[in-house]
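The structure appears right after this line, and notes come after that.
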There are 2 protein chains.
Amino acid sequence: MTVTLADVAARAQVSPATVSRVLNGNYPVAASTRERVLRAVDELDYVLNGPASALAAATSDLVGILVNDIADPFFGIMASAIQSEIGGPGGRAGGERLAVVCNTGGSPDRELTYLTLLQRQRAAAVVLTGGAVEDPQHQAAVAQKLRKMTQAGTRIVLCGRPPADDTGAVALTFDNRGGGRALTEHLIGLGHRRLGYIAGPEERTTTRHRLEGHREALAAAGIEEEPGWTVHGRYDRRSGYEATLELLRRDPSLTAVVAANDSVALGACAALREAGRRIPEDVSVAGFDDLPFSIDAVPALTTVRLPLAEAGARAGRIAMGREEPPPGGLATVRGELMVRGSTGVPRG
Amino acid sequence: MTVTLADVAARAQVSPATVSRVLNGNYPVAASTRERVLRAVDELDYVLNGPASALAAATSDLVGILVNDIADPFFGIMASAIQSEIGGPGGRAGGERLAVVCNTGGSPDRELTYLTLLQRQRAAAVVLTGGAVEDPQHQAAVAQKLRKMTQAGTRIVLCGRPPADDTGAVALTFDNRGGGRALTEHLIGLGHRRLGYIAGPEERTTTRHRLEGHREALAAAGIEEEPGWTVHGRYDRRSGYEATLELLRRDPSLTAVVAANDSVALGACAALREAGRRIPEDVSVAGFDDLPFSIDAVPALTTVRLPLAEAGARAGRIAMGREEPPPGGLATVRGELMVRGSTGVPRG
DNA sequence: CACCGTGCCGTAAGCGTTTTCTACATGGAG
DNA sequence: CTCCATGTAGAAAACGCTTACGGCACGGTG
């Protein structure tokens, strides 16, 4: 039916072993023989049977990248960077590695399922991106799975995710707390005293860290947060829009709104504008991440730039064993405050 | 070393065959036996060896999704919809299917490589999204590969891509031409006579079709396009920014700029604003795709909404054999003109 | 009571590679 | 001229699963 290695061998008048060797290029083969084999491969246009190969070699060319939301450029940018480091030549069987991204949709169950699937496929490595869910039970399940996988020789790296202790996974985490703090300090420095905060989903580490940074800044400035100044939502613009309406209802005197990320900030801008508030004259708005579109907002968004592509590339290289993991298996990646037009001095 | 099916069988006091059967659930097994097996699986926490399974069964649980640019929400939204239809239970071995997205970066070579990799893995299906590259040689190579894969039983569906005749692939194409035409007709209807056009990369089908639609509208209105009114670029905002500057240099009297997509349109807006042109009073701007952020532009972008998620979901279902392919293996999906604030009546 | 269909389950033959071990030349050193 | 290192290639044993085939109980039918 389909052409196999044996067919190629027959045609090239060599043994299957030899064909395998030229394909894998990990064993000396005479140039003339190699050429004969290659020609046969071509003529029959043979394609290696991946599963068979993986079975025999006890490892595959698969590398997984887990993301929370593939439609969100935040993850897209990271995934793209990771993939470009991971893909390309260097796989087994003279081939490329198959770098694939899996969309968990932020669901812990799907995350675990994908991990199992990747484990089942004997993936060579997997990179997990984005914040983790804080449910202890789920975290334990993930940690256990990660431990199993690293023990089985799968390299695991966390990109933009808190470390998972004792699992053998190396982590590149974003300094969300520091970024959140810098943003709010900036606003306080401008003179704001009444700041609304639109947080992400309650159960995510990213959400908590950014919020904690915000509150640290408030505390440091001696500002007491009033109840109702913080609203939880999702990481999309729609959520930002709705949360802002709620914030306005709760306290119309807010002079600044800090958003969980740039998309949320955009939704906030839309809501504020509809409510007749000018930005930044009446209300300042700040985002997080500095995604490409945030510079096109009018006014351009003040935000914290996260080096998504750089971190992703580094994570990819570490996953491929092409770069040393950071000492202790943990590195913190800082963001950079980008001050733009959406924040300004409050009136009065 | 790692626990195998045989270990589970031993522990459950049954034969390997029985274990396989309860795992695959495709053969009657007594309830009591099944439970015993399941318990053993749990106690040993056994994970199936995917490659071995795929080898024996001559097919895998893998489903591939090819995208041109994973960092672009256009693809992210489609991929997300496809993946949510494809993933989930229904795979072999009582498990989920592994739906993975592969980022070609728009490179024909990488596209082919990924196809080969997926073929090698004996993928159950693959969905290709986004426009194709027009190079005849590359198209032939892709067509040949697709043909091979469909013959081998892999279901192939093209989503937002022109059909590939004679390959057995089913296609859901977007009516880019119609959308482009509608957009320009709208502008002409408003009174515009001097329209700049920022096209995508020259070699992509999507680019050509949108441009042809634009020109059809011009021709139908008896407007003769002047040389220099069309600039080619990439599908990102940076490119839109630069192309607009070029357009302005070539012909400052343009009253409208039609962009290849929304990101490009955003870049165009930025350039126009910097050049001191108001939108839409001085220059109207139109985009394409209606990505989420385009409604947040100020003014909101007039554009053509493509039902990305719907088309993706349908493609996913077809790939899974859960929905009948359209008659003739080809369906055209139309866009919808969304008139918003970025287009208006020209001055004078 | 004999017989056969039915429901479960075990046996064993693959599936297509990789890789260890062995074997055969060949050529240079002693 | 002998011997051994070296370079190259073949034989065959895994790798862990699926599944066709056969067999054994069991219970219902003739």
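The values are calculated or read from the model by the stated rules, or taken from the named source; none is laboratory data. As the structure is a computational prediction, the values presented were derived from the model and not from experiment. Because the Cβ atoms are built from the backbone with ideal geometry, glycine has one as well, and the counts that use them run over all protein chains shown. To get the accessible areas, we keep the full protein, side chains included, count just its heavy atoms, and leave off ligands, DNA and RNA. Shrake-Rupley method; radii C 1.70, N 1.55, O 1.52, S 1.80 Å.
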So is A:Ala9 within 10 Å of another protein chain (Cβ to nearest Cβ), over 21 Å from B:Lys148 (Cα atoms) and within 12 Å of DNA strand D (Cβ to nearest atom) or not?
no
Restricting to segment A:271-291, give me the number of residues that are of a type in the set (Gly, Ala, Ser) and more than 18 Å from A:Asp251 (Cβ to Cβ).
1
May I ask you to say which residue of B:Thr150, B:Thr184, B:Thr167 is among the β-branched types (Val, Ile, Thr), open to solvent by less than 20 Å² (accessible area, probe 1.4 Å), assigned to a helix (DSSP H, G or I) and on the phi < 0 side of the Ramachandran plot?
B:Thr184
Restricting to segment B:236-262, name every residue that is at pLDDT 95 or above, open to solvent by 20 Å² or more (accessible area, probe 1.4 Å) and farther than 18 Å from B:Gly189 by Cβ.
B:Tyr241, B:Glu242, B:Leu245, B:Glu246, B:Leu248, B:Arg249, B:Arg250, B:Pro252, B:Ser253
Does A:Asp175 meet the test of being in contact with a helix residue (DSSP H, G or I) (Cβ under 6 Å, 6 or more places away or on another chain) and touching a residue at least 40 places away in the same chain (Cβ under 8 Å)?
no
Residues being near DNA strand C (Cβ under 7 Å from one of its atoms) and crowded, with 18+ Cβ neighbours inside 10 Å: count how many of those fall in segment B:1-27.
2
Quick check on this structure: which one of A:Gly130, A:Gly196, A:Gly153, A:Gly191 is of a type in the set (Gly, Ala, Ser) and under 20 Å from A:Leu308 (Cα atoms)?
A:Gly130
Number of the exception - B:Val41 against (1) open to solvent by 20 Å² or more (accessible area, probe 1.4 Å); (2) aliphatic (A, V, I, L, M); (3) in the same structural domain as B:Ala99 (by TED's automatic domain parsing):
(3)
Which ones in segment B:2-27 are under 42 Å from the mean Cα position of the chain (by Cα) and part of a loop (DSSP other than H, G, I, E, B)?
B:Thr2, B:Val3, B:Thr4, B:Gly25, B:Asn26, B:Tyr27
Going by what's in this entry, would B:Glu281 be described as part of a loop (DSSP other than H, G, I, E, B) and either closer than 26 Å to B:Glu224 by Cβ or modelled with pLDDT of 95 or more (or both)?
yes
Of the residues B:Ala30, B:Ala58, only one is under 32 Å from the mean Cα position of the chain (by Cα), near DNA strand C (Cβ under 8 Å from one of its atoms) and modelled with pLDDT under 95; which?
B:Ala58
Output the residues belonging to segment A:51-72 that are within 11 Å of DNA strand D (Cβ to nearest atom) and outside any loop (DSSP other than H, G, I, E, B).
A:Pro51, A:Ala52, A:Ser53, A:Ala54, A:Leu55, A:Ala56, A:Ala57
Taking segment B:272-290 as the region of interest, how many residues are closer than 16 Å to B:Arg238 by Cβ and within 11 Å of another protein chain (Cβ to nearest Cβ)?
1
Take the residues of segment A:102-122 that are open to solvent by 40 Å² or more (accessible area, probe 1.4 Å) and closer than 17 Å to A:Thr150 by Cα: which is nearest to the other protein chains (Cβ to nearest Cβ)?
A:Arg122
Considering each residue of segment B:33-45, count those that are assigned to a helix (DSSP H, G or I) and at the interface with chain A (Cβ under 9 Å from one of its Cβ atoms), and give that number.
0
Can you work out which of the residues in segment A:23-39 that are aliphatic (A, V, I, L, M) and within 12 Å of DNA strand D (Cβ to nearest atom) is nearest to B:Gln151 (Cα to Cα)?
A:Val37
Would you confirm whether or not segment A:12-22 contains a residue that is away from DNA strand D (no atom under 15 Å from the Cβ) and either more than 9 Å from every other protein chain (Cβ to nearest Cβ) or under 16 Å from B:Thr104 (Cα atoms) (or both)?
no
Answer yes or no as to whether B:Leu48 is in a loop (DSSP other than H, G, I, E, B), at the interface with another protein chain (Cβ under 7 Å from one of its Cβ atoms) and within 15 Å of DNA strand C (Cβ to nearest atom).
yes
Go through the residues of segment B:76-85 one by one and say whether even a single one is over 24 Å from B:Pro292 (Cβ atoms) and not aliphatic (A, V, I, L, M).
no
Filtering segment A:187-206 for residues that are within 20 Å of A:Ala271 (Cβ to Cβ) and open to solvent by less than 50 Å² (accessible area, probe 1.4 Å) leaves a count of 9
Under 7 Å by Cβ, and 6 or more places apart or on different chains, what pairs join a residue from segment B:52-74 that is without any contact (Cβ under 8 Å) to a residue 40 or more places away in the chain with one that is within 16 Å of DNA strand C (Cβ to nearest atom) and open to solvent by less than 10 Å² (accessible area, probe 1.4 Å)?
B:Leu55/A:Pro51
Out of A:Thr113, A:Thr129, A:Thr173, A:Thr184, which single residue is modelled with pLDDT under 95 and not aliphatic (A, V, I, L, M)?
A:Thr113
Within segment A:63-74, restricting attention to residues that are touching a Gly at 6+ places or on another chain (Cβ under 9 Å) and at the interface with chain B (Cβ under 8 Å from one of its Cβ atoms), which residue is surrounded by the fewest Cβ atoms within 10 Å (Cβ to Cβ)?
A:Asp69
Quick one: would you say B:Thr184 is in contact with a Leu (Cβ under 7 Å, 6 or more places away or on another chain), touching a residue at least 24 places away in the same chain (Cβ under 8 Å), closer than 24 Å to B:Cys269 by Cβ and hydroxyl-bearing (Ser, Thr, Tyr)?
yes
Please go through segment A:318-336 and pick out each residue that is closer than 18 Å to A:Gly87 by Cβ and either hydroxyl-bearing (Ser, Thr, Tyr) or not in a loop (DSSP other than H, G, I, E, B) (or both).
A:Ile318, A:Ala319
Unmet criterion (only one of (1) touching a strand residue (DSSP E or B) at 6+ places or on another chain (Cβ under 9 Å); (2) aliphatic (A, V, I, L, M); (3) assigned to a helix (DSSP H, G or I); (4) more than 30 Å from A:Ala140 (Cβ to Cβ)) for A:Leu211
(4)
Go over the candidates A:Ala270, A:Ala219, A:Ala309, A:Ala315 one by one and state the one that is open to solvent by less than 10 Å² (accessible area, probe 1.4 Å), assigned to a helix (DSSP H, G or I) and not hydroxyl-bearing (Ser, Thr, Tyr).
A:Ala315
Residue in segment A:116-139 that is free of Cβ contacts under 8 Å to residues at least 60 places away in the same chain, more than 16 Å from DNA strand D (Cβ to nearest atom) and closer than 25 Å to B:Leu23 by Cα present:
yes
